[in-house]
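Novice: Before I ask anything, here is the structure I am working with.
The values are calculated or read from the model by the stated rules, or taken from the named source; none is laboratory data. For clarity, every value in this text was computed on a predicted model and none was experimentally measured. Using ideal geometry, Cβ is built from the backbone for each residue, glycine included, and neighbour counts are taken over all protein chains shown.
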Amino acid sequence: MASTPAGVQVRPGVEGDLDALTEIYNHYVRETAITFDTVPLTPCERRPWLLSHPQDGPHRLMVATETVPGTGAGRILGYATSGPHRARPAYATSVETSVYLAHGAGRRGIGTLLYATLFEALSGEDVHRAFAGITQPNEASVRLHGRFGFRHLGTFGEVGRKFGRYWDVAWYEKEL
């Protein structure tokens, strides 16, 4: 794994992060097919999502921050989550994971740090498998998931339509 980027800390997400997390997510809504949401969300609409990730248990939200030099203020660089894979009770030991970085925060090892922290937090939980769906193409995400031992299961062809075209989603699995 990559070394910790200088000045970057990872901690559980809190309600005070909601505006910044929503801004990060909305960049992907507006500019990419990485998420299949098509309309930007407000912090109020995103609040139930944030609250569904407590500081313990299998559904986590980890946030990477760095101190802005000269201000002492923290800036959110990205986040990683684990959430329910499916709603039915027998799926409870499976999670779906994802990482979103602030625009311009890539290629610094932050995604790696976020996933390392997330999987460390999950190591004490009753979780058997992690799954990730990656809209194609997305080589950076494929590399990140490979670094953590995810293996490709298959690809859903043209499963989502956004920006006037259809997109494939490759599914990956990791044993926990």
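Novice: When the residues of segment 123-137 are filtered to those that are over 14 Å from the mean Cα position of the chain (by Cα) and not basic (Lys, Arg), which remaining residue is nearest to Gly57 (Cα to Cα)?
Specialist: The qualifying residue nearest to Gly57 (Cα to Cα) is Glu125.
Novice: Could you tell me whether Pro40 is surrounded by 14 or more Cβ atoms within 10 Å (Cβ to Cβ), touching a residue at least 24 places away in the same chain (Cβ under 8 Å) and not hydroxyl-bearing (Ser, Thr, Tyr)?
Specialist: For Pro40, the condition - surrounded by 14 or more Cβ atoms within 10 Å (Cβ to Cβ), touching a residue at least 24 places away in the same chain (Cβ under 8 Å) and not hydroxyl-bearing (Ser, Thr, Tyr) - is not met.
Novice: Looking only at segment 86-137, filter to residues that are part of a strand (DSSP E or B) and hydroxyl-bearing (Ser, Thr, Tyr); which one of those is surrounded by the most Cβ atoms within 10 Å (Cβ to Cβ)?
Specialist: Filtering segment 86-137 for residues that are part of a strand (DSSP E or B) and hydroxyl-bearing (Ser, Thr, Tyr), the one surrounded by the most Cβ atoms within 10 Å (Cβ to Cβ) comes out as Thr97.
Novice: Would you mind finding the one in Leu114, Leu122 that is touching a residue at least 40 places away in the same chain (Cβ under 8 Å) and within 16 Å of Ala64 (Cβ to Cβ)?
Specialist: Result of the check over Leu114, Leu122: Leu114.
So that you can scan it fast, the table gives a plain yes or no per residue for (1) within 23 Å of Glu15 (Cβ to Cβ); (2) touching a helix residue (DSSP H, G or I) at 6+ places or on another chain (Cβ under 6 Å):
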| residue | (1), (2) |
| --- | --- |
| Ala87 | no, no |
| Ser94 | no, no |
| Gly111 | no, yes |
| Leu114 | yes, no |
| Leu122 | yes, no |
| Glu125 | yes, no |
| Ala132 | no, yes |
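Novice: Return the residues of segment 21-61 that are outside any helix (DSSP H, G or I), among the β-branched types (Val, Ile, Thr) and in contact with a Phe, Trp or Tyr (Cβ under 8 Å, 6 or more places away or on another chain); say none if nothing qualifies.
Specialist: If the condition is that a residue be outside any helix (DSSP H, G or I), among the β-branched types (Val, Ile, Thr) and in contact with a Phe, Trp or Tyr (Cβ under 8 Å, 6 or more places away or on another chain), then Ile34, Thr35 are the ones that fit.
Novice: Restricted to segment 70-85, and to residues that are outside any strand (DSSP E or B) and modelled with pLDDT under 95, which residue is nearest to Glu175 (Cα to Cα)?
Specialist: Ala73
Novice: Say we look at segment 53-69 and pick out the residues that are farther than 12 Å from Asp17 by Cβ and either at pLDDT 95 or above or under 12 Å from the mean Cα position of the chain (by Cα) (or both); which of these is surrounded by the fewest Cβ atoms within 10 Å (Cβ to Cβ)?
Specialist: His59
Novice: Looking for whichever is free of Cβ contacts under 8 Å to residues at least 40 places away in the same chain and in contact with a Ser or Thr (Cβ under 9 Å, 6 or more places away or on another chain) here; the options are Ser98, Ser82, Ser94. Which one fits?
Specialist: When all the criteria are applied, what remains is Ser98.
Novice: Looking at segment 141-171, which of its residues are under 20 Å from Tyr115 (Cβ atoms) and surrounded by 14 or more Cβ atoms within 10 Å (Cβ to Cβ)?
Specialist: Scanning segment 141-171 gives Ser141, Val142, Leu144, His145, Arg147, Phe148, Phe150, Val169, Ala170, Trp171.
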